[in-house]
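Student: Got a structure for you, written out below as structure tokens; questions coming shortly.
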Amino acid sequence: MEARKPEMVKIDLSGVFIIFGGTGDLTNRKLMPAVYNLIRDGLLPEHFAVLAVGRKDKTQEGYKEEIKNSIIKYSRNEFHEEVWKKMEQIVTYFKMNFTDSGQYHMLSEFLESYEMNFKTNGNRIFYLAVAPEFFETIIHGIQGSNLILSTANYNRVVIEKPFGKDLLTARSLNKKILQVFPEKSIYRIDHYLGKEMIQNILVLRFCNFIFESVWNSKYIDNIQITLSETLGVESRGAYYEKSGAMRDMVQNHILQILSLIAMEPPVNLKMDSIRNEKLKVLEAMEEITDKFLEENVIFGQYGSGELEGILVPGYREEKNVDQQSETETFVGLKLHIDNFRWAGTPFYIRTGKRMGQQSGEIVIQFKEMPGVLYYKDVYEQTPNLLCIKFQPGNGVRFSFNTKDFSVHNGIVATQMETGGNTPGQGNTPEAYERLIYDIIRGDGTLFSRWDEVEAAWSVADKLIQYREQKKSRFPNYRAGTMGPERAQELLMKDGRKWW
């Protein structure tokens, strides 16, 4: 009998999805296509509406035509007119300058009649799809108006990254938000955690005895996390000058992924149980001393180079970038987690722009067999590898040794592999679909709790301060390569290599 595939459960939880930044790139490329696919899959509540708030002059017809074109271009599923007709009925554009505190009362008045039409009972989700400098402005505007109704079942706020630019500003922002929303209603979004294969880390570990029983320093030699991009900063030069790879990738995405890999089994699958175990990982990271920084951290910045036969400019030649910029576009890092499970096992991290290939991959390298029997003086030993790939595409690959049947004597590395888009598994939902669906349901498992953010900033701050105080010889890697030479040496000095 064929086993039933688990499905996301449709729920009846009404609400208005209010997007500040309704004409922005994030809304067009990610949020609206995600809403479209949730409608297509029948996962939105019956009484649900989307209110896009923007500063530009647009007619309702003109705005909806723009959204329709974005869905056609960016949706993971083929466009269907009947699905669009359903979406068209629940999307409304509201012109508003969110830097003008007086206009929040206008929004509040509009919502009163708007919600009656859709029967959403005053439940509101405020999504801040704007530049980080406007987060506090919008929170202040919400606080000073009647936008939060005490009679509603819920009022939630969604904050895009970066959450602050350092620990001090993150604490200040968090204090401001807590004046308006309780912690349980704050959703600090990290779209990497919405990726199906990232969530699959927990399933691989805790649903497979063969892996969880050896998921420790006794059997694992090292763990590698790679997030590499072939793209440069493109039109985001002004933003990237303020963030760099540390704030853009390491402080949030990578430390969140690392905490999922290294966490202890939670007592249950409830939101806070998982978050508690993730926090323990961040708190157990080795002390960041001057010696640690000197020996285990590499910063890089790409120069001009060639990608797929096309010449591309260096970072300092990009638009809105200082010609003497010291901003890092690459980070290489080796660290340890000082707890009973992981003591002695190094975690290697690298992330960068304008790299030789686009890749999001976690590689678990198991320890090698002793040099006896088949391996003694004859064959080069290949370690067992468990590779979890989450971009581009999804997949899990396990590498093990078997006899090479093409020769009389020989051993060859063989691979078992499965992908997220293989027949029978369906099309993998985009990360924002999963995250929006969870926000509506009030499930914060895939979102960062404040103490997680605080712990991550405590680590990242020390690395950022070290980079800012140290004069670097930038650029130090060519576009189209896999980063600075020192990043290779980081593993070579330990007798290892990047996979």
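The values are calculated or read from the model by the stated rules, or taken from the named source; none is laboratory data. Every value quoted in this text rests on a predicted model; they were computed, and no experiment measured them. Reconstructed Cβ throughout: ideal geometry from the backbone, glycine too, with neighbour counts over all protein chains shown.
Student: Can you name the residue in the range 255-268 that is among the β-branched types (Val, Ile, Thr) and buried (at least 20 other Cβ atoms within 10 Å of the Cβ) and, of all such residues, is nearest to the chain's Cα centre (by Cα)? Explain how you work it out, then say what you get.
Tutor: Looking only at the range 255-268, we keep the residues that are among the β-branched types (Val, Ile, Thr), and these are 257, 261, 267.
Of the ones still in play, those that are also buried (at least 20 other Cβ atoms within 10 Å of the Cβ) are 257, 261.
Values: 257: 8, 261: 14 Å.
Looking at the filtered set, the residue picked out is 257.
Student: Failed condition for residue 44, given (1) of a type in the set (A, V, I, L, M, F, W, C); (2) in contact with a strand residue (DSSP E or B) (Cβ under 7 Å, 6 or more places away or on another chain); (3) in contact (Cβ under 8 Å) with a residue 60 or more places away in the chain, with all others met?
Tutor: Here residue 44 meets the rest and fails (2).
Student: Output the qualifying pairs, or none if there are none: Cβ atoms under 9 angstrom, residues six or more apart or on different chains, first residue in the range 333-352 and under 16 Å from residue 284 (Cβ atoms), second residue among the hydroxyl-bearing types (Ser, Thr, Tyr) and in a loop (DSSP other than H, G, I, E, B).
Tutor: From residues that are under 16 Å from residue 284 (Cβ atoms), the pairs are 336/345; 337/345; 340/217; 341/217; 342/217; 343/217; 344/217; 345/217.
Student: Report every pair of residues separated by at least 6 positions or lying on different chains whose Cβ atoms are under 6 Å apart, first residue within the range 134-155 and without any contact (Cβ under 8 Å) to a residue 40 or more places away in the chain, second surrounded by 15 or more Cβ atoms within 10 Å (Cβ to Cβ) and basic (Lys, Arg).
Tutor: 155/124
Student: Out of the range 180-205, which residues are assigned by TED's automatic domain parsing to the domain that holds residue 395 and either at positive phi or surrounded by fewer than 15 Cβ atoms within 10 Å (Cβ to Cβ) (or both)?
Tutor: Once the filter is applied, which keeps residues that are assigned by TED's automatic domain parsing to the domain that holds residue 395 and either at positive phi or surrounded by fewer than 15 Cβ atoms within 10 Å (Cβ to Cβ) (or both), the range 180-205 yields only 203.
Student: Restricted to the range 269-320, and to residues that are touching a strand residue (DSSP E or B) at 6+ places or on another chain (Cβ under 7 Å) and of a type in the set (Gly, Ala, Ser), which residue is surrounded by the fewest Cβ atoms within 10 Å (Cβ to Cβ)?
Tutor: 304
Student: Is it the case, given these coordinates, that residue 473 is among the charged types (D, E, K, R), more than 25 Å from the chain's Cα centre (by Cα) and either in the same structural domain as residue 288 (by TED's automatic domain parsing) or part of a helix (DSSP H, G or I) (or both)? Reasoning before the result, please.
Tutor: On the way: among the charged types (D, E, K, R): yes; more than 25 Å from the chain's Cα centre (by Cα): yes; either in the same structural domain as residue 288 (by TED's automatic domain parsing) or part of a helix (DSSP H, G or I) (or both): yes.
Yes.
Student: Could I ask something else about it? Of everything in the range 309-328, what is closer than 15 Å to residue 463 by Cβ and either outside any loop (DSSP other than H, G, I, E, B) or among the polar types (S, T, N, Q) (or both)? Give them in sequence order. Before you say what the answer is, go through the steps one by one.
Tutor: Taking the range 309-328 first, the residues closer than 15 Å to residue 463 by Cβ are 326-328.
Answer for the range 309-328, where residues must be closer than 15 Å to residue 463 by Cβ and either outside any loop (DSSP other than H, G, I, E, B) or among the polar types (S, T, N, Q) (or both): just 327.
Student: In the set 177, 223, which member is modelled with pLDDT of 90 or more, within 21 Å of residue 349 (Cβ to Cβ) and in contact with a strand residue (DSSP E or B) (Cβ under 7 Å, 6 or more places away or on another chain)? Lay out the reasoning, then the answer.
Tutor: Details: 177 fails: within 21 Å of residue 349 (Cβ to Cβ).
So the residue among 177, 223 that is modelled with pLDDT of 90 or more, within 21 Å of residue 349 (Cβ to Cβ) and in contact with a strand residue (DSSP E or B) (Cβ under 7 Å, 6 or more places away or on another chain) is 223.
Student: Need a quick list: helices (runs of 4 or more DSSP H) entirely within the range 217-293 having at least 2 residues that are out of contact with any Lys or Arg (no Cβ under 9 Å at 6 or more places or on another chain) and of a type in the set (D, E, K, R).
Tutor: On the way: elements: 237-245, 255-262, 271-283.
Per the criteria, 271-283.
Student: Scan the range 56-65 for residues that are surrounded by 15 or more Cβ atoms within 10 Å (Cβ to Cβ) and not aromatic (Phe, Trp, Tyr) and report the count. Steps first, please.
Tutor: Going residue by residue through the range 56-65, those that are surrounded by 15 or more Cβ atoms within 10 Å (Cβ to Cβ) are 58, 63-64.
Retained after the next criterion (residues that are not aromatic (Phe, Trp, Tyr)): 58, 64.
Here the count works out to 2.
Student: So which residues in the range 100-153 are buried (at least 16 other Cβ atoms within 10 Å of the Cβ), polar (S, T, N, Q) and over 20 Å from residue 185 (Cα atoms), if there are any at all?
Tutor: Answer for the range 100-153, where residues must be buried (at least 16 other Cβ atoms within 10 Å of the Cβ), polar (S, T, N, Q) and over 20 Å from residue 185 (Cα atoms): just 103.
Student: Further, regarding this structure: Can you find even one residue in the range 169-179 that is in a loop (DSSP other than H, G, I, E, B) and outside the structural domain of residue 400 (by TED's automatic domain parsing)? Before the answer, list the steps.
Tutor: Restricting attention to the range 169-179, the residues satisfying the condition of being in a loop (DSSP other than H, G, I, E, B) are 179.
From what is left, the residues that are outside the structural domain of residue 400 (by TED's automatic domain parsing) are 179.
For the range 169-179, residues in a loop (DSSP other than H, G, I, E, B) and outside the structural domain of residue 400 (by TED's automatic domain parsing): present.
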